[in-house]
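What follows is a short report on a single structure.
The values are calculated or read from the model by the stated rules, or taken from the named source; none is laboratory data. Since this is a predicted model, take the numbers as computed values, not measurements. Here the Cβ positions follow ideal geometry from the backbone for every residue, glycine too, while neighbour counts run over all protein chains shown. Ligands, DNA and RNA are stripped out before the accessible areas are found, and what is left, the full protein with its side chains, is counted by its heavy atoms. Shrake-Rupley method; radii C 1.70, N 1.55, O 1.52, S 1.80 Å.
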Protein chains: 2
Amino acid sequence: MVGAGQLARMTSQAAISLGVGFRVLAGSATDSAAQVCAGTVTGDYTALPDLVAFAAACDVVTFDHEHVPAPHLAALEQAGRQVRPGAAALRYTQDKLAMRDRLRALGVPCPRYAPVTSVAEVTELAAGWGWPVVLKAVSGGYDGRGVWVCQTPAEAAAVLAHPVGVFAEEHVGFDAELAALVARSPHRQAAAYPVVQTIQRDGVCHEVLAPAPGLAAGPAIEAERIALELTAELGVTGLLAVEFFLTRDGLLVNELAMRPHNSGHWTIEGARTSQFEQHLRAVLDLPLGDPRAAVPCVAMANVFGAGGSSNGDPDIYARYTHVMAADPGIKVHLYGKSVRPGRKIGHVTALGDDMPSVRARAVRAAGYLATGEE
Amino acid sequence: MVGAGQLARMTSQAAISLGVGFRVLAGSATDSAAQVCAGTVTGDYTALPDLVAFAAACDVVTFDHEHVPAPHLAALEQAGRQVRPGAAALRYTQDKLAMRDRLRALGVPCPRYAPVTSVAEVTELAAGWGWPVVLKAVSGGYDGRGVWVCQTPAEAAAVLAHPVGVFAEEHVGFDAELAALVARSPHRQAAAYPVVQTIQRDGVCHEVLAPAPGLAAGPAIEAERIALELTAELGVTGLLAVEFFLTRDGLLVNELAMRPHNSGHWTIEGARTSQFEQHLRAVLDLPLGDPRAAVPCVAMANVFGAGGSSNGDPDIYARYTHVMAADPGIKVHLYGKSVRPGRKIGHVTALGDDMPSVRARAVRAAGYLATGEE
């Protein structure tokens, strides 16, 4: 697995049970996955020689992020390496405008969008769509962000001032955000997890509720259908996470990811097969595991670093003890990351029969871990 | 954790979620846990300098086997290291005669036993107990065994011919073998898992059924009570597994282990907190996790190496695919061990609502993995 963040860390955990050899290409020996995985190789995923050397020691190469340069992916494939998902599929996670165009061509419902290069174009689109207008980087972004909700032409101008290709998208009013997670193997076996609700703030996922509470069968089935269709149409091997807006008029696709996804962390304890095991089974062309939920209600809440300084937060392990004592059923996952304000450093999962209480347990535990306050 | 077998391997997996640093002292870099754990140190657990150096880099030292020499354990404690469980408790896993004497003093029911040094003594005991008589090594054993069921004086003589201290025990006729698994922390918090049935052949565990099917409340509660009493009386920190014979006259304690135990592998998917996470929480003095079962019925079956040669069994991964395809709900755990006839190389777990079908699934999967035959 190229990349050694928390997704690789949790994938390495799943690889232990399967008994398959697992290596990560880590930028640093202190990366989240590098701390735990015996098969860590340090190297630079933007350097083709590092990728080539890493891939030479692997039967299959997969990824914990979508930032490997597309020409390098193509070069690995041309050298006969098994790259899963492949370069042709990953293109749609690296070029969001290409993704939008492909989805439109497939008739998959998306927000209205258009490429833009000037404030005048944005203002013209806003005349039809209304403000705010969402600007999205075609690839990458700046200052760690790739999506900007612009309320005014001045805000759009500030984004366009950066040398980053963007396109404009209507700002969708939605009732809920949903995510559908599916897996597909080279043998074309597919498996779909229950559709979940994600609770996002400022574009960052804070909670995941599985299954999505109160979701009607119609949009649930439609979300799974779209995700399964996209795995086939885009030729995905491994996991595909599709994020949706649920609007009065139906579902709109927001984002795609072709890897384990934050919206699937609940599956570690909450489903018969975790997304990390499923991704490995899919990319290794093993038969897929049962994706069904193991319990009626699961809530996952992310833990974000708090504290006023950038010097870390040494109290986190003391708070850990409090959280475990308060709720013996809570499952805590810490990623071995130094604590910085706003940084995702872990997650907690609660399971049970009643979503409001399960959700409250997860939110309370994550909040206490972050801040030390009830 | 001193030792790098499959117990350390699965404990390292649990440590990843907890976000605690985890090291293993491995005899070889190819040991089961050493293959996966970034914190592997190679060394000899029978050499005090290796143990001292390993312990110096750890806040707490624990074990995946009971073979560290007792004087070394005492030396680590005298040097101020946190050894959990401690030397005083571990004595009862290293000296089975001391364990029997202590249990008798506590009034805990055990099979009748007596130290023996001659065939005449064994024959005299057999006159009261009847044949067969069980001979058990006080510590260790030979040829990889420490228990011998002797049908005749000649068989007893063959055991006694070895320079191994033994004691004699009556051969108990039982209805079932049970195991109770409990955890205790330095804070004296304790947690008990549901009592399970173990299915053993030739003294080797083949299957575990959780909870023990058809077990009446009386012996179930009594088994938990004895296990909890022993953790307190023996001063155990971490897990204690107590193996019982269930006889017409009640429970008799057979064996003790103070570490994760084969009879608890079902907890990885089948309980709210796996035994491996629980052991870590206990030895780190973190609050213990919920030990309750997550589903009504769980069956675990060990996978043993088959094949006629000692050169390994390269077909095991092909059979793996078949097993996963036949049963998407089966959970396979392979330990990264080379396959030799009779060697425990992994286990499988099945979960569900009906024990006969759950058990059949686990047995079929384990059997197919071992032999390639339905």
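Numerical summary
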| quantity | calculated |
| --- | --- |
| Accessible area buried at the A-B interface, both sides summed, 1.4 Å probe (Å², nearest 100) | 3000 Å² |
| Formal net charge of residues neighbouring A:THR321 (Cβ-Cβ distance under 13 Å; K, R +1; D, E -1) | -1 |
| Average accessible area per residue (Å²) across chain B - probe 1.4 Å, nucleic acids and ligands excluded | 39 Å² |
| Global geometry of the range B:147-238, whether rounded, prolate or oblate, following the gyration tensor of its Cα atoms and the 1.5 cut on a/c | oblate |
| The range A:263-307 versus the range B:202-229: alpha-carbon centroid distance in Å | 31 Å |
| Most positive-pole-ward Cα, B:LEU369, B:LEU90, B:PRO328, against dipole of the protein assembly as shown from beta carbon charges | B:LEU90 |
| Percent accessible area from carbon and sulfur atoms, the protein assembly as shown, protein chains only, probe 1.4 Å | 52 percent |
| Trypsin sites (Lys or Arg not before Pro) within the range B:100-193, DSSP loop, no more than 15 other Cβ atoms inside 10 Å | B:ARG112, B:ARG188 |
| Global geometry of the range A:132-178, whether rounded, prolate or oblate, following the gyration tensor of its Cα atoms and the 1.5 cut on a/c | oblate |
| Residue-averaged [θ]222 nm for chain A, counting only DSSP H segments that reach four residues, each worth -39500 (n - 2.57) | -10500 deg cm²/dmol |
| Computed over the range A:281-364: relative contact order in percent, which uses C-alpha pairs under 8 Å that are six or more apart | 40 percent |
| Shortest-first nm distances, B:VAL204 label point to equivalent points in other copies (7 Å, Cα→Cβ) | 5.3 |
| Accessible surface, 1.4 Å probe, highest first, among residues B:ASP95, A:ASP202 | A:ASP202, B:ASP95 |
| Spin-label pair A:GLN189/B:THR123, simplified geometry with 7 Å Cα→Cβ offset, distance in nm | 6.2 nm |
| Amide proton proximity set for B:HIS206, modelled H, under 5 Å, gap of 5+ | B:ILE199, B:GLN200, B:ARG201 |
| Local electrostatic count, A:ALA57, Cβ distance below 13 Å [Lys/Arg +1, Asp/Glu -1] | 0 |
| Inter-label distance, nm, simple model (7 Å from Cα along the C-beta direction), A:VAL52/B:ASP44 | 4.5 nm |
| Cα-centre dipole for the range A:212-255 with unit charges at Cβ (Lys and Arg positive, Asp and Glu negative), debye to 20 | 120 debye |
| Nearest-first distances (nm) between copies at A:VAL52, label 7 Å from Cα via Cβ | 5.0 |
| Spatial separation of Cα centroids for the range A:56-92 and the range B:151-192, in angstrom | 54 Å |
| Environment charge of B:ALA114, counting only residues whose C-beta is closer than 10 Å and scoring Lys/Arg +1, Asp/Glu -1 | -2 |
| Calculated label separations, B:ALA88, copies of the chain, 7 Å along the beta-carbon direction, nm | 7.0 |
